[in-house]
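The values are calculated or read from the model by the stated rules, or taken from the named source; none is laboratory data. On a predicted model such as this, the values are computed, not experimentally measured, just so you know. Positions of Cβ are backbone-derived with ideal geometry, glycine not excepted, and every protein chain shown enters the neighbour counts.
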Amino acid sequence: MKQRIESIDILRGIVMILMALDHVRDYFHQYSFFYDPTDWHNTSPVLYFTRIVTHVCAPSFVFLSGISAFLSRQHKSKKEESIYLITRGLWLIFLEMTVVNFGWFFNPFFPCQIFQVMWALGFSMICLAGLIYLPQKFIFLIAVILIGGHNAFDDYHIPGNGAVAIIWGFLMQYKQFTIFNTHCYIAYSAVPWLGTMALGYSLGYLFTKNCSLKQRNSILLSVGACFLVIFFILRSINGYGDPYKWTHQGNLAHTFFSFMKLSKYPPSLDFLLLTLSFAILFLRFSDRPLNIITKRIAVLGRVPMFFYLVHIYLIHILAVFAANSTGYSWRNMVGLKSWVLLEPSLKGYGFSLLTVVIIWLSIIVVMYQLCKWYDKYKRRNRGKWWLSYL
C-alpha cells in the first residue's frame with residue numbers, strides 16, 4: 001500500500017478551498033458583474049485579497065500533479081506510466097469540454113468553450129508521458145527553460161483564426177476564436193503550465209524514501225526562498241518577467257496593487273515564481289503530524305478531481321436558486337452563452353462580500369462531507385482501475 005504524503009494532501013486541500021472562494025465570488029458577489037476585483041480604481045483591500053490569494057491555486061495544483069506523477073512512476077514501469085499519463089490527459093481534456101463546460105454554463109448546446117486548468121493539466125500530462133524517458137536533470141532544465149523563457153515571446157502575436165494562430169494561442173498566448181459556431185477562449189496557454197508540471201516531476205524524488213526528510217526540507221527551503229528572491233528582484237527592476245509593468249500610484253495601497261498585478265493568462269515568470277514559492281515553502285513547513293483542522297483539509301486534498309467537478313455544479317445550482325429568489329429569473333443562470341460575469345441580464349444581482357463568505361464556508365462544509373464519503377469509497381475499492389481517473 002502506498003503511503004500518502006500528508007503535506008501534499010494538505011496543500012491540495014487548501015488549493016481546493018481557495019479555488020471555491022474564487023468561483024463563489026464569481027457567481028454571488030454583487031460587484032463581480034461590474035469590475036474585476038483586482039481593479040484598484042474600484043476594489044477594496046478585502047475584495048482584492050479574495051482574488052489575489054486564489055492565484056496560488058492553479059500553479060500549486062499543476063506543480064503537485066507533477067510530483068504525483070513522479071510518485072506514481074515508482075510503482076510502474078516507464079511504459080505503464082506513459083500510457084497512464086496519455087490516457088488520463090486525454091480524459092481531462094474531454095472532461096473540460098463536456099462535464100466542466102456544462103457545469104459552468106448549463107447549456108447543452110456548448111456555444112462556448114473555455115480551455116482552463118483541466119485542459120492545461122491534460123495537455124501537460126500527455127507531454128510529460130514523453131519527458132519521463134529523459135534523465136531528471138534534463139526534465140528540470142526543460143522546466144526552467146519553459147517557465148523562464150516563454151515571456152521572451154510576450155510581444156509576438158499571430159492574429160486571425162488560422163490554424164497557426166490557433167496553435168500559437170494554445171501554446172503561448174491568451175486567445176479568442178470562433179470555430180464551428182463555437183466561441184473559444186484559450187485561458188490557459190500550455191507552455192508555462194507544462195513547465196510547471198515538469199518542475200514538479202523533477203522535484204518528485206524529494207518525496208521518496210531515497211531522500212531523507214532533512215535533505216527534502218533543506219532543498220525545498222532553498223528552492224522556495226530562491227524563487228521568492230528572484231521574483232522580488234525581477235519585479236522591482238520592472239523589466240523581463242511580466243508584460244504588466246507596475247507604476248507608483250497616489251498611495252501605498254494602490255502602488256502595492258499595481259506591483260502585484262501579474263499576468264495569469266498566460267502565467268508570467270513573475271506570477272509562477274511568486275505562487276510556486278508559496279507552494280514549495282508550504283511543503284517545507286507543513287510536514288508535521290495532522291491536527292483537527294489539517295486532518296479535514298487533507299480529506300479534500302485526497303480527492304481533488306471529485307471536489308473540482310462537484311463544487312462547480314453545487315455553486316451553479318445554488319446560484320440559480322439565489323437569482324430566482326432575489327427578483328431575477330432562474331433562466332438568467334441557465335443556458336449561458338458566455339462566462340456568467342458577462343451576462344448583461346444579471347447586472348444588479350448579487351450579495352455583499354460577507355454573504356459571499358458565508359455561502360463559501362457553507363459550500364466547503366457540504367463538500368467536506370461529500371469528499372469524506374468519496375474518500376472512504378476509494379479506500380474500500382482500491383482495486384477498481386477507473387477510480388484513478390477521478
Checking the conditions here, which among THR182, THR178 is in contact with a strand residue (DSSP E or B) (Cβ under 8 Å, 6 or more places away or on another chain), more than 29 Å from MET305 (Cβ to Cβ) and either surrounded by 22 or more Cβ atoms within 10 Å (Cβ to Cβ) or touching a residue at least 12 places away in the same chain (Cβ under 8 Å) (or both)? THR178
Residue satisfying condition, being at negative phi, surrounded by fewer than 21 Cβ atoms within 10 Å (Cβ to Cβ), free of Cβ contacts under 8 Å to residues at least 60 places away in the same chain and among the small types (Gly, Ala, Ser), within set SER82, SER68: SER82
Identify the residue in the range 135-175 that is of a type in the set (Phe, Trp, Tyr), part of a helix (DSSP H, G or I) and touching a residue at least 12 places away in the same chain (Cβ under 8 Å) and, among all such residues, is surrounded by the fewest Cβ atoms within 10 Å (Cβ to Cβ). PHE153
Take TYR84 and decide whether it is outside any helix (DSSP H, G or I) and more than 27 Å from GLN176 (Cα to Cα). no
Criterion violated by ASN101 - all others in (1) without any contact (Cβ under 8 Å) to a residue 24 or more places away in the chain; (2) closer than 24 Å to LEU290 by Cα satisfied: (2)
May I ask you to list the residues in the range 120-134 that are touching a residue at least 60 places away in the same chain (Cβ under 8 Å) and assigned to a helix (DSSP H, G or I)? ALA120, LEU121, PHE123, SER124, MET125, CYS127, LEU128, LEU131
Here, helices (runs of 4 or more DSSP H) confined to the range 270-380 with at least 3 residues that are β-branched (Val, Ile, Thr), surrounded by fewer than 18 Cβ atoms within 10 Å (Cβ to Cβ) and without any contact (Cβ under 8 Å) to a residue 60 or more places away in the chain are 353-380
Can you tell me which residue in the range 35-64 is farthest from ALA319 (Cα to Cα), limited to those that are touching a Lys or Arg at 6+ places or on another chain (Cβ under 7 Å) and assigned to a loop (DSSP other than H, G, I, E, B)? THR38
Exactly one condition in (1) of a type outside the set (Val, Ile, Thr); (2) in a helix (DSSP H, G or I); (3) modelled with pLDDT under 95; (4) over 28 Å from TYR174 (Cα atoms) is false for PHE256; which is it? (4)
